[in-house]
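Presented below is the structure to which this report refers.
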Amino acid sequence: MRNSSPQPRRSTKARRTVSIIATGSCVPERVVTNKDLEKIVDTSDEWIQTRTGIRERRIAAAHEATSDLATKAALAAMKQGGVAPEEIDLIIVATVTPDMFFPATSCFVQKNLGAVRAACFDVSAACSGFLYATEIAQQFISTHVYNTVLVIGADKLTSIVNWSDRNTCVLFGDGAGAAILRNRANSHGVIATHMGADGEFCNILMMPAGGSRNPITAENIGLQLNTIKMQGKETYKQAVKVMSGAADRVLETVGLKYADIACVIPHQANMRIIEAIAHRMGLPMEKFYVNLERYGNTSAAAVAIALDEAHRQGRFKIGDYILLVAFGGGLTWASTVIQW
């Protein structure tokens, strides 16, 4: 018997290329130097710089939330790209420090921008979040679901830092970076992304309390369980391994060699990690854009801020290949090749 049920209409449109057409970033005004940290924790400027490469970081004011930083970064990108709020179809915010558990931080950003047409959701992939979100945006645009997507990596990590733990409090800062993605004629744009995760290492970098497994109580607040906990040596080891592997994998996918890359934008966590992956890639440090000495590790914002700064400083030009690579708690990692 013939099936008489109606058949859905399927799109016959070819997949579109997707480009980053504009970038923006925001860091708080307050600068906290290593010398400042010497006054509150047992550390020194020499110790911090030698082990991390960080000289200072930015700290948001008490009244500033993650969505406030994200909004400022978005506005900078919209100004650069000449994009009006009503043109934005989707807002994705990558963060591990949302304004609150719900609603999504992206909804606050939508309200701030007046982007009334945009769908909104957040992504939680720690420091890899911006690249995860960029790939999600690429899929929506390439399949004609949306035309203009705003991707933001934003975190206020200092809101979950234990300022008495010298091994972690010296590492982190606050900030946000944004990118606007669209199809652009005669451009390859985002060529490929590799993403991965290994939950076996979920305990090496985390905030133990605050979720459904371990709700915040007076007792665990006293134990600082609502702050960042990190196994430093294991995190370093895994970071070098997974970022190098992710970069190898995505270049193999697209048939490029490291010599073809004009600029590498790595996660800004530790200078030793960046130098180690540069060595494995066989590339000079001059090809890497690094700003961690000024901002520290800003989690999902790190690659996004660095991309915006490198873009505005002319570190690459139209047609150049750039490589973005990150790792984060989870353990998560991601790498993306873009032809600018």
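Looking only at the stretch 102-116, decide whether some residue is in contact with a Lys or Arg (Cβ under 6 Å, 6 or more places away or on another chain) and over 29 Å from residue 340 (Cα atoms). Can you show your working first?
Initial filter on the stretch 102-116 (in contact with a Lys or Arg (Cβ under 6 Å, 6 or more places away or on another chain)): none.
No.
How many residues does the stretch 314-333 hold that are under 15 Å from residue 19 (Cα atoms) and β-branched (Val, Ile, Thr)? Working first, answer last.
Residues of the stretch 314-333 that are under 15 Å from residue 19 (Cα atoms), as a first pass: 316-324.
If we keep only those that are β-branched (Val, Ile, Thr) as well, we get 318, 322.
The qualifying residues number 2.
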Condition check: charged (D, E, K, R), out of contact with any His (no Cβ under 8 Å at 6 or more places or on another chain) and closer than 26 Å to residue 319 by Cα. Does residue 252 satisfy that?
yes
| said: Given the condition within 30 Å of residue 311 (Cα to Cα), in contact with a Phe, Trp or Tyr (Cβ under 9 Å, 6 or more places away or on another chain), among the basic types (Lys, Arg) and in the same structural domain as residue 329 (by TED's automatic domain parsing), answer yes or no: does some residue in the stretch 268-285 qualify? | reply: yes
Residue pairs qualifying under the 6 Å Cβ cut-off, at least six apart or on distinct chains, with the first in the stretch 324-336 being in contact (Cβ under 8 Å) with a residue 12 or more places away in the chain and the second being part of a strand (DSSP E or B) and hydroxyl-bearing (Ser, Thr, Tyr), are 324/336; 325/335; 336/193
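What residue, of 180, 141, 204, is among the hydrophobic types (A, V, I, L, M, F, W, C) and out of contact with any strand residue (DSSP E or B) (no Cβ under 6 Å at 6 or more places or on another chain)?
Details: 180 fails: out of contact with any strand residue (DSSP E or B) (no Cβ under 6 Å at 6 or more places or on another chain); 141 fails: out of contact with any strand residue (DSSP E or B) (no Cβ under 6 Å at 6 or more places or on another chain).
Answer to the selection: 204.
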Selection from the stretch 241-273 of residues closer than 27 Å to residue 156 by Cβ and without any contact (Cβ under 8 Å) to a residue 60 or more places away in the chain yields 268, 273
- prompt: Going by the conditions given, is residue 145 surrounded by fewer than 24 Cβ atoms within 10 Å (Cβ to Cβ) and either in contact (Cβ under 8 Å) with a residue 24 or more places away in the chain or in contact with an Asp or Glu (Cβ under 9 Å, 6 or more places away or on another chain) (or both)?
  reply: yes
The residue from 170, 190 that alone is part of a loop (DSSP other than H, G, I, E, B) and among the β-branched types (Val, Ile, Thr) is 170
Selection over the stretch 29-60 where residues are basic (Lys, Arg) and either touching a Gly at 6+ places or on another chain (Cβ under 8 Å) or within 19 Å of residue 160 (Cα to Cα) (or both) yields a count of 3
When restricted to 201, 130, 140, the only residue hydrophobic (A, V, I, L, M, F, W, C), at pLDDT 95 or above, more than 15 Å from residue 296 (Cβ to Cβ) and under 12 Å from the mean Cα position of the chain (by Cα) is 130
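Quick one: which residue in 160, 136 is β-branched (Val, Ile, Thr), in contact (Cβ under 8 Å) with a residue 12 or more places away in the chain and in contact with a strand residue (DSSP E or B) (Cβ under 8 Å, 6 or more places away or on another chain)? So that I can check it myself, show each step before the final result.
Working: 160 fails: in contact with a strand residue (DSSP E or B) (Cβ under 8 Å, 6 or more places away or on another chain).
One residue alone meets the criteria, 136.
For the stretch 173-187, enumerate the residues that are within 22 Å of residue 291 (Cβ to Cβ) and either part of a loop (DSSP other than H, G, I, E, B) or in the same structural domain as residue 223 (by TED's automatic domain parsing) (or both). Steps first, please.
Going residue by residue through the stretch 173-187, those that are within 22 Å of residue 291 (Cβ to Cβ) are 173-180.
Once the filter is applied, which keeps residues that are within 22 Å of residue 291 (Cβ to Cβ) and either part of a loop (DSSP other than H, G, I, E, B) or in the same structural domain as residue 223 (by TED's automatic domain parsing) (or both), the stretch 173-187 yields only 173.
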Exercise. Would it be correct to say that residue 41 is modelled with pLDDT of 95 or more, under 25 Å from residue 227 (Cβ atoms) and touching a Ser or Thr at 6+ places or on another chain (Cβ under 7 Å)?
Worked result: yes
Of the residues in the stretch 211-227, those that are hydrophobic (A, V, I, L, M, F, W, C) and surrounded by 15 or more Cβ atoms within 10 Å (Cβ to Cβ) come to 225
*asked:* Yes or no: the stretch 83-106 includes at least one residue that is within 20 Å of residue 311 (Cβ to Cβ), surrounded by fewer than 22 Cβ atoms within 10 Å (Cβ to Cβ), touching a residue at least 12 places away in the same chain (Cβ under 8 Å) and among the aliphatic types (A, V, I, L, M).
replied: yes
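The values are calculated or read from the model by the stated rules, or taken from the named source; none is laboratory data. Just so it is clear, the model here is predicted, and its values are computed rather than measured. Ideal geometry is used to build each Cβ from the backbone, glycine not excepted, and the neighbour counts take in all protein chains shown.
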